[in-house]
1. Can you list residue pairs whose Cβ atoms sit under 9 Å apart, with the first residue in the stretch 92-111 being closer than 19 Å to G76 by Cβ and the second being assigned to a strand (DSSP E or B) and aromatic (F, W, Y)? Count only pairs 6 or more apart in sequence or on different chains.
2. Of the residues A208, A188, A183, only one is among the hydrophobic types (A, V, I, L, M, F, W, C) and farther than 22 Å from K103 by Cα; which?
3. Residue under question is A151, and the condition is that it be assigned to a helix (DSSP H, G or I) and among the small types (G, A, S); does it hold?
4. In the stretch 8-21, which residues are at pLDDT 85 or above and over 14 Å from the mean Cα position of the chain (by Cα)?
5. Considering only residues of the stretch 226-243 that are out of contact with any helix residue (DSSP H, G or I) (no Cβ under 8 Å at 6 or more places or on another chain) and not acidic (D, E), which is modelled with the lowest pLDDT?
6. With the requirement that a residue be under 18 Å from H39 (Cβ atoms) and either of a type in the set (V, I, T) or free of Cβ contacts under 8 Å to residues at least 60 places away in the same chain (or both), what does the stretch 228-245 give you?
7. Please go through the stretch 177-213 and pick out each residue that is in contact with a Leu (Cβ under 9 Å, 6 or more places away or on another chain), aliphatic (A, V, I, L, M) and at pLDDT below 95.
Amino acid sequence: MPTWAGYETEVGEIKGKSGLSTPDEALFLIKGLNAHGIHPDWIALNNGTTHGIEASATGIQVGLTARIHEALAPYGISGAQHGTSGNSSEKLREIAAKTATTKANVATALQMIAWGVAVNDYGNAIMDAAGAFIKEPDKGLDDALWAEMVAYADGKAIKAGDYKKLNCVFERKLLAQPAAVRARMVDAVAEFVYGLLTDVFNAAGTGALAIEELLAAGTYDLGPKAGRIEDPAAWTREKILERAASLSGDKGPEGDFDD
């Protein structure tokens, strides 16, 4: 992997309130990597989030996330927030203000917006009384393709939260939509992302900061944000296994590693 490439690592499975990640688990992973010269830029946690449509009022646990990020501060690693879609703007602003999160995955919200599904202000799909998506007229996909996708999902018993599986099945038809349709899909996504970055994540004007860093370094390759701290002799295979045995293995039912 080239040194300039961003590297994200993960600890825990994405499965909501079950099997939450802990500071000890995160430190175990990052210390072991650090000892062997591997320096991730981001770490993703199971901090209460879910993939797909956010249906819980609890969702992301900001306090837990902040504690883990604080424990990892010496290693120069930032947080990557999975399952951002569907969380309220207030929750996301709290994450931006109180944690070291600098990366947010919002695939589900962008998918719904691109397809022309009705969403609320923070990208969570609005369902009708029967629990089905509401396709907005003259937005996103043309109505014929949307109807075909819904019929396929119904035939395969694909639930609303798993509609992302349709992207692979219908990829060619999605890419073959008329130019005007593709343009309105792109514009809708761009508008939502701009608002998310500037109004929620406080990213307005930060591009200038990135330019300053690159110019000061004289290269696009800024390298890792922290050097080696841990002693490789303390993180041999045998010692890693010994340390791992002290971590709790009870994480509840199987979760979701799918991004």
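1. Filtered contacts from the stretch 92-111: T101/W42; T102/W42; K103/W42.
2. Numbers: A208 fails: farther than 22 Å from K103 by Cα; A188 fails: farther than 22 Å from K103 by Cα.
Sole residue among the options that is among the hydrophobic types (A, V, I, L, M, F, W, C) and farther than 22 Å from K103 by Cα: A183.
3. Values: assigned to a helix (DSSP H, G or I): yes; among the small types (G, A, S): yes.
Considered against the rule, which asks whether it is assigned to a helix (DSSP H, G or I) and among the small types (G, A, S), A151 comes out as yes.
4. Initially, the stretch 8-21 is screened for residues at pLDDT 85 or above, giving 8-11, 20-21.
L20, S21, listed by residue number.
5. Quick first cut of the stretch 226-243, residues out of contact with any helix residue (DSSP H, G or I) (no Cβ under 8 Å at 6 or more places or on another chain) only: 227, 233, 236-239, 241-242.
Next, only the ones that are not acidic (D, E) stay: 227, 233, 236-237, 239, 241.
Numbers: G227: 90, A233: 97, T236: 97, R237: 96, K239: 96, L241: 95.
That would be G227.
6. I229, I240
7. V193, L196, V200, A203, A204
Yes or no, residue by residue, for (1) modelled with pLDDT under 95; (2) under 30 Å from I30 (Cα atoms); (3) not in a loop (DSSP other than H, G, I, E, B); (4) not aliphatic (A, V, I, L, M):
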| residue | (1), (2), (3), (4) |
| --- | --- |
| I68 | no, yes, yes, no |
| N87 | yes, yes, no, yes |
| K91 | yes, yes, yes, yes |
| A144 | no, no, yes, no |
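The values are calculated or read from the model by the stated rules, or taken from the named source; none is laboratory data. Predicted model only: the values in this text are computed from it and were never measured. Cβ sites come from the backbone with ideal geometry, for glycine too, and all protein chains shown count toward neighbours.
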